[in-house]
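The values are calculated or read from the model by the stated rules, or taken from the named source; none is laboratory data. Quick caveat, the model's predicted, so the values are computed rather than measured. So basically every Cβ, Gly included, is an ideal-geometry build from the backbone, and we count neighbours across all protein chains shown. The protein model used for the area step is the full one, side chains on, heavy atoms only, and it has no ligands, DNA or RNA in it. Shrake-Rupley method; radii C 1.70, N 1.55, O 1.52, S 1.80 Å.
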Amino acid sequence: LVIRIVGISGSLRKRSLNTALLRAAGKLIPADVELEVVTPEGIPLYDGDLEAEKGVPHAVVMLQDKIARSDGILLATPEYNHSIPGVFKNTIDWLSRPPETISKVFGGRPVAVIGATPGGFGTALSQNAWLPVLKRLGTRTWFGGQLMVSRAQQVFDETGELTDETVRDQLEAFLGGFVSFIQSGNHQ
Ligand code: FNR
């Protein structure tokens with residue numbers, strides 16, 4: 001049975017370090033696991049008027065369905081001003097609409113958080129900032145590993161390939177732990 005993970009990068013940048021980290025994860029993940037990488041591209045700004053008039057946008061519904069069909073979510077979060085980038089929070093906010101869908105999309109679903117930054121603190125603060133959000137969404141969050149990639153512009157080459165062996169080993173170990181957590185679970 002194939003395990004399906006949706007990797008959500010919190011950055012729109014083509015050369016995003018966080019998207020690159022998820023792409024690297026897709027190459028290192030165990031053979032029986034599929035990791036599909038998505039970004040906030042195509043997700044509009046949340047607007048309650050838009051929702052009331054036109055409903056939840058198609059791009060959001062598609063992503064909700066993709067997540068609902070998955071076995072887990074891997075969030076790759078940048079850090080902006082010591083917290084979650086607005087563009088990423090906006091995506092999750094839309095995905096939580098309407099509130100009745102939260103249990104289907106997020107409830108009990110395994111989630112792990114990773115992140116990359118050119119800075120020295122490896123997105124520790126933005127990873128922490130996700131905790132109350134995930135608590136609200138009722139995910140089954142994995143705390144068995146940590147991956148905080150500091151000085152990340154030095155661990156990828158100009159094509160976005162992860163070339164740092166230490167980080168590659170850390171990522172591989174993290175993914176192995178998260179996949180075991182998914183396999184061990186009784187999530188919906
Ligand atoms: C940043 N950056 C940043 N980095 C960090 O480690 N801690 C921080 O608090 C911030 N704050 C911050 C605020 C804003 C508004 C921007 C635009 C950037 C730098 C950030 O980590 C860097 O731009 C990353 O490259 C963003 O991630 P992606 O796009 O490469 O995935």
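Which angle from 0 to 90°, rounded to the nearest 10, does the C-alpha axis of helix 165-184 make with the longest principal axis of the chain? It works out to around 40 degrees. Taken over segment 3-184, the percentage of Cα pairs per 10 Å bin, counting from 0 up to the bin with the maximum distance, is 10, 40, 37, 12, 2, 0. Here segment 136-188 is treated as an ellipsoid with the same Cα gyration tensor; its semi-axes, largest first and in whole Å, are 28, 12, 9. In segment 1-47, the portion of solvent-accessible area held by carbon and sulfur atoms comes to 54 percent [1.4 Å probe, whole percent, DNA, RNA and ligands not counted]. Among the GluC sites (Glu not before Pro) in segment 113-173, those placed in a DSSP loop whose Cβ has at most 11 other Cβ atoms within 10 Å are Glu158. Helix 124-137 and the longest principal axis of the Cα set of the chain meet at an angle near 30°. GNM remark for the chain: springs join alpha carbons under 10 Å apart, and the peak mean-square fluctuation among Leu74, Leu125, Leu21 falls on Leu125. The charge dipole of segment 61-140, taken about the Cα centre with unit charges on the Cβ atoms of Lys, Arg (+1) and Asp, Glu (-1), comes to about 200 debye, rounded to the nearest 20.
Surface exposure of the chain, expressed per residue as accessible area with a 1.4 Å probe, stands at 51 Å².
Under a GNM of the chain (C-alpha, springs under 10 Å), which listed residue has the highest mean-square fluctuation: Pro118, Pro98, Pro40? Sorting by GNM fluctuation, first place goes to Pro98.
Relative to the Cα centre, the charge distribution of segment 3-184, modelled as +1 at Lys and Arg Cβ and -1 at Asp and Glu Cβ, gives a dipole magnitude of about 300 debye.
Please determine, in degrees from 0 to 90 and to the nearest 10, the orientation of helix 17-28 with respect to the longest principal axis defined by the Cα atoms of the chain, where the helix direction is its Cα long axis. The angle comes out at about 70 degrees.
Using a Gaussian network model of the chain in which every pair of alpha carbons under 10 angstrom is joined by a spring, one finds that among Asn128, Asn18, Asn81 the greatest mean-square fluctuation is at Asn81. For segment 30-42, backbone phi angles converted through the Karplus equation (6.51, -1.76, 1.60; θ = phi - 60°) give residue-by-residue couplings of x, 4, 8, 10, 10, 10, 9, 9, 10, 10, x, 4, x Hz, Gly and Pro being listed as x.
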